[in-house]
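Asks: Pasting a structure here, questions to come.
The values are calculated or read from the model by the stated rules, or taken from the named source; none is laboratory data. Here the structure is a predicted model, which means the values were calculated and not measured. Because the Cβ atoms are built from the backbone with ideal geometry, glycine has one as well, and the counts that use them run over all protein chains shown. Side chains are part of the model used for accessible areas, which takes the heavy atoms of the whole protein and leaves out ligands, DNA and RNA. Shrake-Rupley method; radii C 1.70, N 1.55, O 1.52, S 1.80 Å.
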Amino acid sequence: MAFLTYCAHVTRAKNSNPVMCLSWTPGGRRLLTGNQEGEFTLWDGVNFSFELIMSAHDQSFRCMAWSHNQNYLLTSDSGGNIKYWSPSIAPVQSLDSHAGQPIHALSFSPQDTKFVSCGDDATVRVWDWAGHREERLLEGHGWDVKCVQWHPRSSVICSGSKDNLVKLWDPRTGGCLSTLYGHKNTVTKVAWNDNGNWLLTASRDQLIKVYDIRAMKELCSLKGHHKEVTSIAWHPVYETVFASGGMDGTLIYWNIGPKGSEEPAAKIPYAHDMAIWDMKWHPAGHLLATGSNDRQTKFWARNRPGTKNGLDDDGLDAVDGSGDTEILHAEMELGNHVGIVIGRRGATIIAMQRQTKTKMHVDQIRRVLQIEGTARQIETVKKRVGALLERVSSENEERGGGGFGGF
């Protein structure tokens, strides 16, 4: 199935910076990423090797979007600059807009003759592609506009804002067609399904909502993230499948079709150490690329036969009577990694308790993790914490940290 829970490769460029956005080149031969320093990095999409790094923007990347005919690439940065690029990544044109505020999203019209942008100046702007000029200013949001996408086939634009609203616009008149009031916090992402009927919205309220735009009604509200949802992407082949990424680095796959569910189809709790800012499926659907604030780009593939990463093998069903229900107590040595397990303001340990349905406490004097749960749950926690500590140790070695030497 389409759930890519096996981490096929992790890339990290030299002098690396947080990865703000990414995109597969036409045909999926390479992956292009944009970082916080405004640099393009090009990776081979087959063997995942590093190919090129080049300066593109003076400020941090915010987004990138290919035209439907795949002849041009648009990019934007946090200083209100939009750039046109050819497929060979040669600069073609530069535009300044949105009063120098960050431009969070760009999207082409179905015929590629126009494109739309949105920014922190609370506006959505429609541009003439060939004339490089602004055609229309769509005003109506009360705060920063964080996301925008043009309908795949119709003259409709969808935008989401910090004012918690999702708005649908007519780009020809500049009028607001409808407003969706479903979220209780900033709308971080919107995404049209390729069938043109379903609209996906993600928010800081930790919810993902699916709307059927024909009836203007909410189909379902999906709960699975424990922190704000920072990225979403529909699968290019299976129309009912999509992936979502969270502020805490969690990667979740969903299947919402007739045979689907409102529960996550697969979940990878520590896919990244920090927020997943962007994710894109390979055009063939067999790979998912994720870019994160932890400076890494990861490629996710299908599990190897016989393994069950992310698929109901996390010891989470042990409390429902299907396994051993006797509550046990266990301890695990943490050494110098007490802070890593607790996380910022306790975020890591709180998330792990939710996911494993165990009770956990860190004894900071003895430097041990105390776990209360069933035997299977305790085993799961030990496996996860062990993997977390192993990853931190290997990263320290890579940086040449090697501990405190003589102490």
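Table: residues versus (1) open to solvent by 10 Å² or more (accessible area, probe 1.4 Å); (2) under 19 Å from the mean Cα position of the chain (by Cα).
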| residue | (1), (2) |
| --- | --- |
| Cys7 | yes, yes |
| Pro26 | yes, no |
| Arg29 | yes, no |
| Asn71 | yes, no |
| Asp77 | no, yes |
| Ser88 | yes, no |
| Pro91 | yes, no |
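Asks: So, one more: Could you tell me whether Ser16 is outside any helix (DSSP H, G or I), crowded, with 19+ Cβ neighbours inside 10 Å and among the hydroxyl-bearing types (Ser, Thr, Tyr)?
Replies: It is false that Ser16 is outside any helix (DSSP H, G or I), crowded, with 19+ Cβ neighbours inside 10 Å and among the hydroxyl-bearing types (Ser, Thr, Tyr).
Asks: Note down all Cβ pairs under 6 Å where the first residue falls in the stretch 237-266 and is without any contact (Cβ under 8 Å) to a residue 24 or more places away in the chain, the second is open to solvent by 10 Å² or more (accessible area, probe 1.4 Å) and not in a loop (DSSP other than H, G, I, E, B), and they're at least six residues apart or on different chains.
Replies: As it stands, the answer is Thr240/Asn255, since those pairs meet every condition given.
Asks: Is it the case, given these coordinates, that Ala387 is modelled with pLDDT of 80 or more and either more than 28 Å from the chain's Cα centre (by Cα) or assigned to a helix (DSSP H, G or I) (or both)?
Replies: Considered against the rule, which asks whether it is modelled with pLDDT of 80 or more and either more than 28 Å from the chain's Cα centre (by Cα) or assigned to a helix (DSSP H, G or I) (or both), Ala387 comes out as yes.
Asks: Filtering the stretch 349-359 down to residues that are touching an Asp or Glu at 6+ places or on another chain (Cβ under 8 Å) and free of Cβ contacts under 8 Å to residues at least 60 places away in the same chain, which residue is nearest to Leu389 (Cα to Cα)?
Replies: That would be Thr356.
Asks: Is at least one residue of the stretch 183-197 within 15 Å of Ser221 (Cα to Cα) and more than 19 Å from the chain's Cα centre (by Cα)?
Replies: yes
Asks: Within the stretch 351-360, does at least one residue satisfy the condition of being at pLDDT 75 or above, on the phi < 0 side of the Ramachandran plot and open to solvent by 70 Å² or more (accessible area, probe 1.4 Å)?
Replies: yes
Asks: Hey, among the residues in the stretch 303-337 that are modelled with pLDDT of 80 or more and surrounded by 16 or more Cβ atoms within 10 Å (Cβ to Cβ), which one's nearest to Lys383 (Cα to Cα)?
Replies: Going through the qualifying residues, I end up with Met332.
Asks: Are there any pairs, at least 6 apart or on different chains, whose C-beta atoms fall under 6 Å, with the first in the stretch 162-185 and within 21 Å of Thr113 (Cβ to Cβ) and the second outside any loop (DSSP other than H, G, I, E, B) and open to solvent by less than 30 Å² (accessible area, probe 1.4 Å), and if so, which?
Replies: Close Cβ pairs satisfying both conditions: Leu168/Cys158; Trp169/Leu138; Trp169/Ile157; Pro171/Val126; Pro171/Ile157; Gly174/Leu138; Leu177/Leu168; Leu177/Asp170.
Asks: To continue, here is another question. What number goes with the only condition from (1) over 24 Å from Leu22 (Cβ atoms); (2) in contact with a Leu (Cβ under 7 Å, 6 or more places away or on another chain) that Ala215 does not pass?
Replies: (2)
Asks: Does any residue of the stretch 109-121 turn out to be within 23 Å of the chain's Cα centre (by Cα), open to solvent by 20 Å² or more (accessible area, probe 1.4 Å) and over 17 Å from His151 (Cβ atoms)?
Replies: yes
Asks: Being among the aliphatic types (A, V, I, L, M) and either closer than 23 Å to Gly224 by Cα or in contact (Cβ under 8 Å) with a residue 60 or more places away in the chain (or both) narrows it down to one residue among Val341, Val362; which is it?
Replies: Result of the check over Val341, Val362: Val341.
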